[in-house]
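Visitor: Have a look at this one before I ask anything.
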Amino acid sequence: RGYEWNPYDWCVVNRMVDGKQFTIGWHVDDLKLSHIDPEAVSAEIEWLEKRFGTKAPLTVRRGKVHEYLGMTLDYSPKGKVVVSMVDYLQGMLDEAPLEFAGGSAATPAANYLFDADESAPKLDRDRAARYFHHVMQFMWVAKRARPDLLLPVSYLATRVKSPDVNDWKKLGRVFRYAESTKDLVLTLEGDKLNTLKWYVDASFAVHDDMKSHTGAMLSLGKGCVHASSTKHKINANSSTHAELVSVSDMLPQMLWTKNFIEAQGYDMGPALIYQDNQSAIKLEINGRASSGKKTRHIEIRYFFVADVVSQGNAKVVYCPTEDMLADFFTKPLQGSKFLRFRDTVLNIQGSPHNMN
């Protein structure tokens with residue numbers, strides 16, 4: 001049919017039809033067809049029906065609203081897509097342990113989220129299995145439609161091998177927050193599709209083993225397209241080092257995203273990396289020229305970052321700490337700051353914060 005693979009994702013193919021790009025993406029046996037002309041889509045569906053619908057007819061859904069993998073994708077608002085998992089989340093809440101029912105929580109995690117007491121009693125086998133089940137369900141939701149759940153869920157996922165009673169209580173708080181906010185949705189809007197805006201931050205030595213925590217978020221304008229919340233694999237000896245490790249760890253994802261979109265036919269500019277640490281920014285831009293005795297041990301990491309910047313694939317931009325959205329994914333925020341950042345991450349209308 002003349003399609004060409006996107007070299008960065010072999011589940012996406014493209015070809016030109018009447019001078020416009022026709023794109024097919026798929027997951028297992030579910031396909032998504034896109035073209036500006038509905039008639040071109042109809043012709044492709046007809047061909048697919050003849051080729052693959054001989055034993056059983058294909059199931060075809062068209063329109064502005066689609067149900068897919070537990071998500072509702074609503075393209076009705078002009079220039080937006082609303083990603084909702086309200087029904088999926090309600091199903092989770094319906095099967096929640098009885099002790100988690102009732103009550104509410106203003107945030108999904110308390111300040112002591114990262115505190116671990118290895119002497120705490122471990123969960124029995126049945127409860128540990130339920131813990132694993134619920135955490136993985138929340139991870140599915142957090143990575144697709146509710147990034148405001150990602151920080152606590154990512155941490156709780158590191159505890160699934162041997163969860164204790166404190167982990168169970170922390171999971172209960174996530175359930176109560178989800179019950180209180182089950183109708184929230186993620187709204188994505190793009191302003192400049194050739195500009196990737198990455199917010200990257202680190203919380204220094206916040207874990208019991210003194211490792212730091214990375215938070216990162218991608219936006220194309222408004223709303224969180226991709227988020228990451230991960231514990232560092234190495235110990236940093238300063239906040240600057242921690243920030244540099246975070247950017248270095250996120251660079252492969254940044255470069256892949258840029259390359260993928262370029263392969264889809266967009267003329268991409270450098271990825272914008274927003275940070276709030278001036279010392280880390282100097283290292284990432286200047287490399288060895290900004291290195292001293294305290295940073296020689298991390299040369300490989302900052303040379304990698306500086307090399308990407310020097311090639312024009314990324315540009316590091318200062319962002320004030322009070323506007324650093326990645327902070328949302330590094331530590332359990334509370335009160336008005338949590339609400340302000342959450343509303344921006346989800347792109348809830350009326351938020352006083354913006355990412356333009």
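Visitor: What's the extension gain from residue 315 to residue 112 if we count 0.36 nm per residue and subtract their Cα-Cα distance?
Guide: Between residue 315 and residue 112, full extension yields an extra 69.6 nm.
Visitor: Can you put 241, 226 in order of accessible area, largest first, using a 1.4 Å probe?
Guide: Largest accessible area first, the list is 226, 241.
Visitor: Something else now. Is the shape of region 1-123 best called rounded, prolate or oblate, per the rule: a/c under 1.5 gives rounded, else a/b larger than b/c gives prolate, else oblate, with a ≥ b ≥ c the square roots of the Cα gyration tensor eigenvalues?
Guide: Prolate, because a/c is 1.5 or more and a/b exceeds b/c.
Visitor: Residue 348 to residue 69: FRET efficiency via 1/(1 + (r/R0)^6), r the Cβ-Cβ distance, R0 22 Å, to the nearest 0.05?
Guide: It comes to 0.40.
Visitor: If the only charges are +1 at each Lys and Arg Cβ and -1 at each Asp and Glu Cβ, what is the size of the charge dipole of the chain around the Cα centre, to the nearest 20 debye?
Guide: In total the dipole reaches around 420 debye.
Visitor: Between residue 5 and residue 136, what is the label-point separation in nm under the 7 Å Cα-to-beta-carbon projection?
Guide: For residue 136 paired with residue 5, the spin-label model returns 2.9 nm.
Visitor: So for the chain, averaging the separation of alpha carbon pairs under 8 Å that are six or more residues apart and normalising by length, what relative contact order in percent results?
Guide: 16 percent
Visitor: Next up: Using a probe radius of 1.4 Å on heavy atoms only, what accessible surface per residue do you get for region 121-223? Whole Å² is fine.
Guide: 39 Å²
Visitor: Let me ask something additional. Want the number for residue 54 to residue 264: 0.36 nm per residue separation, take away the alpha-carbon distance, what's left?
Guide: Result for the pair: 72.4 nm of gain on full extension.
Visitor: Does region 1-62 come out rounded, prolate or oblate, given a ≥ b ≥ c as the square roots of the eigenvalues of its C-alpha gyration tensor, rounded meaning a/c under 1.5 and, failing that, prolate meaning a/b above b/c?
Guide: oblate
Visitor: Still on this model: Given labels modelled 7 Å from the Cα in the Cβ direction, how far is it in nm from residue 18 to residue 285?
Guide: 4.8 nm
Visitor: Using a ≥ b ≥ c from the Cα gyration tensor of region 180-279 (square roots of the eigenvalues), is it rounded, prolate or oblate, where a/c under 1.5 gives rounded and otherwise the larger of a/b and b/c decides, a/b for prolate?
Guide: Note, shape of region 180-279 comes out oblate.
Visitor: Order the following by accessible area, largest value first: 321, 330. Probe radius 1.4 Å; ligands, DNA and RNA are ignored.
Guide: So the residues, ranked largest to smallest area, are 321, 330.
Visitor: What are the chymotrypsin sites (Phe, Trp or Tyr not before Pro) within region 92-194 that DSSP puts in a loop, where the Cβ has at most 15 other Cβ atoms within 10 Å?
Guide: When the chymotrypsin sites (Phe, Trp or Tyr not before Pro) of region 92-194 are filtered for loop state and at most 15 Cβ neighbours within 10 Å, 112 remain.
Visitor: Still on this structure, please answer the following. Where does the charge balance sit around residue 101 when Lys and Arg score +1, Asp and Glu -1, over other residues with C-beta under 11 Å from its C-beta?
Guide: -3
Visitor: Once the piece of chain linking residue 192 and residue 143 is laid out straight, how much longer is it, given 0.36 nm per residue of separation minus the C-alpha distance between them?
Guide: Gain on extension, residue 192 to residue 143, equals 15.3 nm.
Visitor: Related question: What span do the alpha-carbon atoms of region 204-259 cover on each of the three principal axes, reported in whole Å from largest to smallest?
Guide: 34, 20, 16
Visitor: For the pairs 32/80; 143/182; 258/331; 143/192; 122/170, flag any whose C-alpha to C-alpha distance is greater than 20 Å.
Guide: As for pairs spanning more than 20 Å Cα to Cα, those are 258/331; 143/192.
Visitor: State which stretch of the chain is the longest one without any exposed GluC sites (Glu not before Pro), exposure meaning a DSSP loop state and at most 16 other Cβ atoms within 10 Å.
Guide: No qualifying site falls inside 119-356, the longest such stretch.
Visitor: Now for a different question. R0 = 22 Å: FRET efficiency of residue 120 with residue 233, Cβ-based, nearest 0.05?
Guide: Approximately 0.35, to the nearest 0.05.
Visitor: Show me, bin by bin at 10 Å from 0, the whole-percent P(r) of region 126-209 based on Cα pairs.
Guide: Histogram of Cα-Cα distances, whole percents per bin: 14, 40, 30, 13, 3.
Visitor: Okay, moving on. How much solvent-accessible surface does residue 5 expose, in Å² to the nearest 10, with a 1.4 Å probe and all protein chains in place?
Guide: 150 Å²
Visitor: Moving on to the next point. Using just the C-alpha positions of the chain as equal point scatterers, what log10 of I(q)/I(0) does the Debye formula give at each q in 0.07, 0.11, 0.14 1/Å?
Guide: Each listed q maps to, in turn, -0.35, -0.85, -1.24.
Visitor: Ignoring ligands, DNA and RNA, how do 119, 203 rank by accessible area with a 1.4 Å probe, largest first?
Guide: Output order, biggest surface exposure first: 119, 203.
Visitor: Of all the accessible heavy-atom surface of region 113-202, with the other protein chains kept in place and a 1.4 Å probe, what percent is carbon and sulfur?
Guide: The value for region 113-202 is 52 percent carbon and sulfur by accessible area.
The values are calculated or read from the model by the stated rules, or taken from the named source; none is laboratory data. Computed from a prediction, not measured in an experiment: that's the story for all the values here. Positions of Cβ are generated from backbone atoms using ideal geometry, with glycine treated the same way; all protein chains shown enter the neighbour counts. In case anyone asks, the SASA skips ligands and DNA or RNA and just uses the protein heavy atoms, side chains included. Shrake-Rupley method; radii C 1.70, N 1.55, O 1.52, S 1.80 Å.
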